[in-house]
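Take a look at the structure set out below.
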């Protein structure tokens, strides 16, 4: 087995950082679905364009958070061993 | 004295400069507004300030039914500081919110002010009864919810601003002179102006919603 040197720990940290960014798939699917529903609602009633736009931007900014958690974990793993 | 200034990290220095700039300019604009009488027509920067405050008051009246006059100045201060802080890397400063300490203190500000304001407006007995709202067994779930949502608010700002700063460092480091043109056209408008202003707006709206949920019956 490998001895637990600093190189081994750093290599494992880089692997873990790569796996942690895979949580970006969740917000990608969810926000794309929400944007599709927003465009469909716009086609149904074009007068409410500005309030649909505001609501969609707000909802996507809130749904982005869980994807950001994976990014923060990856950054901590890369820069702090 | 110079040692204290050098020892700060670049995010703290930018935050102090932004605070000083906002204090001076808002005081000067307020003095100009106060000197006008009712029949004068405002012009120039006074007109911009009056229109901004009126637009923000109309937005806040939809959320707070009873207490909007007390809390609108607090919300306007937060959105003014966050708006200037997220776009500060356009003038050469570092963004204050890419520093972990400042971002965590924003989430501590949201948590602390909601608890203190709810304890002042409702008496502690009524506040405890509000926390056990559907059934007394819901008390741990409500407590965890009160703590985790302000934490997520601060962390959202931190993640957005830090990723913009890291991508900027990579682009400027790899492409020497072409990187400056590429950064000016693509990186700064997307990561600083677009994402920064949207996240400032989302923080203010979430703060307003949680504060009005904790205060109004």
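The values are calculated or read from the model by the stated rules, or taken from the named source; none is laboratory data. Bear in mind the structure is a predicted one, so any value in this text is a computation, not a measurement. Cβ: placed from backbone, ideal geometry, glycine included. Neighbour counts: every protein chain shown.
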Which of the residues that make up the stretch B:31-47 are part of a helix (DSSP H, G or I) and in contact with a helix residue (DSSP H, G or I) (Cβ under 9 Å, 6 or more places away or on another chain)?
-> B:32, B:33, B:45, B:46
Total residues in the stretch B:109-138, condition over 20 Å from residue B:66 (Cβ atoms), in contact with a helix residue (DSSP H, G or I) (Cβ under 6 Å, 6 or more places away or on another chain) and without any contact (Cβ under 8 Å) to a residue 40 or more places away in the chain | 2
When you look at residue B:166, is it closer than 22 Å to residue A:60 by Cβ and either at pLDDT below 85 or over 18 Å from the mean Cα position of the chain (by Cα) (or both), yes or no?
-> yes
Examine the stretch B:138-151 for a residue that is at pLDDT 90 or above, within 14 Å of chain A (Cβ to nearest Cβ) and assigned to a helix (DSSP H, G or I), and state whether such a residue exists.
-> yes
Hey, residue B:162 assigned to a helix (DSSP H, G or I) and away from chain A (no Cβ under 14 Å) or not = no
Within the stretch B:139-151, residues in contact with a helix residue (DSSP H, G or I) (Cβ under 9 Å, 6 or more places away or on another chain), under 30 Å from residue B:162 (Cα atoms) and free of Cβ contacts under 8 Å to residues at least 60 places away in the same chain come out as B:143, B:146, B:147, B:151
Scanning the stretch B:165-179 residue by residue, the ones that are closer than 23 Å to residue B:96 by Cα, surrounded by fewer than 13 Cβ atoms within 10 Å (Cβ to Cβ) and more than 14 Å from every other protein chain (Cβ to nearest Cβ) total 1
Selected residue (only one of B:118, B:85, B:110 is surrounded by 19 or more Cβ atoms within 10 Å (Cβ to Cβ), over 27 Å from residue B:26 (Cβ atoms) and away from chain A (no Cβ under 14 Å)) = B:118
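With respect to residue A:28, determine if the residue is modelled with pLDDT of 90 or more, more than 20 Å from residue B:194 (Cβ to Cβ) and surrounded by fewer than 16 Cβ atoms within 10 Å (Cβ to Cβ). Full working, then the answer.
Values: modelled with pLDDT of 90 or more: yes; more than 20 Å from residue B:194 (Cβ to Cβ): no; surrounded by fewer than 16 Cβ atoms within 10 Å (Cβ to Cβ): yes.
Here the answer is no, as residue A:28 does not meet what is asked.
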Within the stretch B:183-217, the count of residues that are over 15 Å from residue B:89 (Cα atoms), surrounded by fewer than 14 Cβ atoms within 10 Å (Cβ to Cβ) and away from every other protein chain (no Cβ under 11 Å) comes to 3
